[in-house]
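Attaching a single structure in structure tokens format; questions to follow.
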Amino acid sequence: MSTATISAQPLPSLHDFFSPGGMLSRSGLPYEFRSGQLQMARAVERSLQEGKHLIVEAGTGTGKTLAYLLPALRTGQRVIISTGTKNLQEQLFFKDVPFLESLLGPLRVCYMKGRANYLCRNKLYALRAQPILNGLEEIDQFQQIAAWEKTTQTGDRAEIDALPESSQVWAKLDARSEACLGQNCPDYARCFITEMRRRALESDVIIVNHHLFFADLAIKQQARAAPDAGVLPEAAAVIFDEAHELEDIASSYFGISLSNVRLEEMVRDVETMLRARQAYSTALKGCGEMLRERGRMFFGALPRGGGLNGEGRMPFEQREQFLEEHGDVYLAVMNALHRLEGELERLRGVEEALGLKKRVAGIREHLRFLMEAESVNTVFWIERRGGSSLRQGSRNTYLQATPIDVSALLSELLFEQYPSVILTSATLTVQGAFAHLRKRLGLRDARELVVPSHFRYQEQALLYLPPGMPDPREPTFGAQAARSIRRVLDITRGRAFCLFTSYQQMRDLYERLVAELDYPCLLQGTAPRKALLEEFRNTPNAVLFGTSSFWQGVDVQGEALSCVIVDRLPFSVPTDPVVSARMRAVASEGANPFFDYQVPSAVITLKQGFGRLIRSLEDRGVLVLLDPRIERQRYGKVFLESLPPYRLTRDIAEVERFFEAG
């Protein structure tokens, strides 16, 4: 393929850019030639040119973002790049792309997030005319948003630093599609979503995150005939960074979820519309109140889990029995939805009524599927969560339907639709092979490449397995784990992540250690994740106790993080409704659900957790696994053979010598 051009700006070949003496070596970045980076870039470019799928495991330090960004720009075709987290998405757009532009000149690249991240001007103006706000805090937030709207070019809420993540005002003003008037909106021409779509159509590379990509794919699947369905334009290829997350994220978007929160918001928006338009309708107001009351009765009647206050996730296999006992409650909420839909149909001269009617119809169809559908590839389950954003003091209840196996869906809607799909991450293989990933994602025909890390793990990292640890399921584990953690932290002088597989275990070890440790201790849940990370970076000798959200997507370079401690092998909870259903499906195919599903998944998670430690060529540190099963059980070999080549020890004295040498 001839050299691609962006805005008439010729782009260098991969060799001219990445090789010693090339453009990258002459840039302001600290440069060291990485053969794996050039190898990956060539594999990506070849796959894009030839319309082939590619899987690349690129070890940490490869420089994989530039290794796929430049080939994507050189294709001359539109390419979507999807990341696992907004953090990486922002790094690509606000750091990596400007760096490339400093070398290559202007590039046509845009950045898209889900609609809920953007302001709806029509909602803002309606709320300004008829304010429905609760308390001084909401009034203050509304005034901040109203002032910002006059200057923002994007409408992206991330620009308002002071706005809390849980802002109820923002929930009333965002641009989610169910309340969108589309081209009938008086503010359509100035709409931030309209502008975002326009930028995407003019771009050669579109940077999104997995949640937006699969939400968009699911919308397009449900509305195949609708030309404006979704927000992402057509593209020749998709590149997924952090591709180890695809199965779980795709499952959530190809499933169905209905909650009491969604019903309450529906009724609230009907009432807001009536007040804002002064379109008072006794019948419509009564229908809304009836739906609110019957919705609360329905969600209140659903079975409860065994956790505190009935919280937690539980299978909903007894739907037929529930309908026999509570069929009147189900029919009552269905009838209330039907009546509200009819009253909205009769409302004339109110533009919002059509969008509200579609939302009611969507809720009714989802509820029918959740309660009546028969699907062998779907697990039905219930989740109750603590707290209430709606100020009712009740628990929020989510009725869920999740596909058990998404491989056929992904094969049809992703791998057969895009000529080239590229999957990359630092953690895709198990014992050096991609078989687990291929099977779970339905990817049959793809090239493969493993690029070893640029880091010198034998010199930079030490894996310590404390001797004499009890099985994590034994009652003595907590006390022994606390002793081992304290001994290691005394050597490392804090500077550690302690990563746990459950909140209960995290809190137990934190409470055992916080009074004994001479180092600042940070606990997940006491502040937003971003704030905790910033505090960890800025606090000498800090120790952070965290669960799943700190196992991946976290980058702390330098001495601030010199130790990562993991309590146990991160097996998924077998009683979780989705995990349990997937294990039964694996068994039904004649395979072993533990060895063929749980072990490979846990291997990838452990690789992610340990991957927090070594983030640069200068980093040094110790990894600690407190779970003795990695040596005592047959499957432990799979974990050890899948990890990078860390130096391994069972001797705490060697840990001391490692830090003395550093």
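The values are calculated or read from the model by the stated rules, or taken from the named source; none is laboratory data. These figures come from a predicted structure and were not determined experimentally. When we count neighbours, we look across all protein chains shown, and the Cβ atoms used for this are built from the backbone with ideal geometry, even at glycine.
Against the condition within 23 Å of residue 604 (Cα to Cα), in contact with a Phe, Trp or Tyr (Cβ under 9 Å, 6 or more places away or on another chain), of a type in the set (Lys, Arg) and buried (at least 16 other Cβ atoms within 10 Å of the Cβ), how does residue 529 come out, does it pass?
The answer is yes for residue 529.
Next question, about the same structure. Please verify whether the stretch 190-205 includes one or more residues that are at pLDDT 90 or above, under 30 Å from residue 412 (Cβ atoms), of a type in the set (Ser, Thr, Tyr) and surrounded by 16 or more Cβ atoms within 10 Å (Cβ to Cβ).
Yes: one or more hits.
In addition: Could you pull out the residue among 650, 657, 582, 615 that is modelled with pLDDT of 95 or more, closer than 27 Å to residue 549 by Cβ and among the charged types (D, E, K, R)?
When all the criteria are applied, what remains is 582.
A further question on this structure: Tell me whether the stretch 371-380 contains one or more residues that are part of a helix (DSSP H, G or I), crowded, with 20+ Cβ neighbours inside 10 Å, at pLDDT 95 or above and not acidic (Asp, Glu).
Yes, the stretch 371-380 contains a residue that is part of a helix (DSSP H, G or I), crowded, with 20+ Cβ neighbours inside 10 Å, at pLDDT 95 or above and not acidic (Asp, Glu).
For the stretch 11-120, give me every one of the helices (runs of 4 or more DSSP H) that falls completely inside it and has 3 or more residues that are surrounded by fewer than 16 Cβ atoms within 10 Å (Cβ to Cβ). Reasoning before the result, please.
Working: elements: 14-18, 35-50, 64-74, 86-91, 97-104.
Answer list for the stretch 11-120: 35-50, 97-104.
Quickly run through the stretch 421-441 and pick out the residues that are over 21 Å from the mean Cα position of the chain (by Cα) and surrounded by 23 or more Cβ atoms within 10 Å (Cβ to Cβ).
Those that are over 21 Å from the mean Cα position of the chain (by Cα) and surrounded by 23 or more Cβ atoms within 10 Å (Cβ to Cβ): none in the stretch 421-441.
Within the stretch 121-167, track down each residue that is exposed (fewer than 13 other Cβ atoms within 10 Å of the Cβ), modelled with pLDDT of 90 or more and either in contact with a Leu (Cβ under 9 Å, 6 or more places away or on another chain) or in a loop (DSSP other than H, G, I, E, B) (or both).
Passing the criteria: 150, 151, 153.
Kindly list the number of the only condition in (1) in contact (Cβ under 8 Å) with a residue 60 or more places away in the chain; (2) out of contact with any Gly (no Cβ under 8 Å at 6 or more places or on another chain); (3) more than 24 Å from residue 553 (Cα to Cα) that fails for residue 463.
(3)
Got a number for residues in the stretch 53-79 being charged (D, E, K, R) and under 22 Å from the mean Cα position of the chain (by Cα)?
2
Taking the stretch 422-433, which residues are over 18 Å from residue 88 (Cβ atoms), among the β-branched types (Val, Ile, Thr) and outside any loop (DSSP other than H, G, I, E, B)?
Residue satisfying the conditions is 430 alone.
Still on this structure: Does residue 495 fit the bill of being over 30 Å from residue 421 (Cβ atoms), in the same structural domain as residue 552 (by TED's automatic domain parsing), surrounded by 17 or more Cβ atoms within 10 Å (Cβ to Cβ) and of a type in the set (Lys, Arg)?
yes
In the list 356, 323, 337, which residue meets the criterion of being within 19 Å of residue 292 (Cα to Cα), modelled with pLDDT of 90 or more and not hydroxyl-bearing (Ser, Thr, Tyr)?
Working: 356 fails: modelled with pLDDT of 90 or more; 323 fails: within 19 Å of residue 292 (Cα to Cα).
Testing whether each residue is within 19 Å of residue 292 (Cα to Cα), modelled with pLDDT of 90 or more and not hydroxyl-bearing (Ser, Thr, Tyr) leaves just 337.
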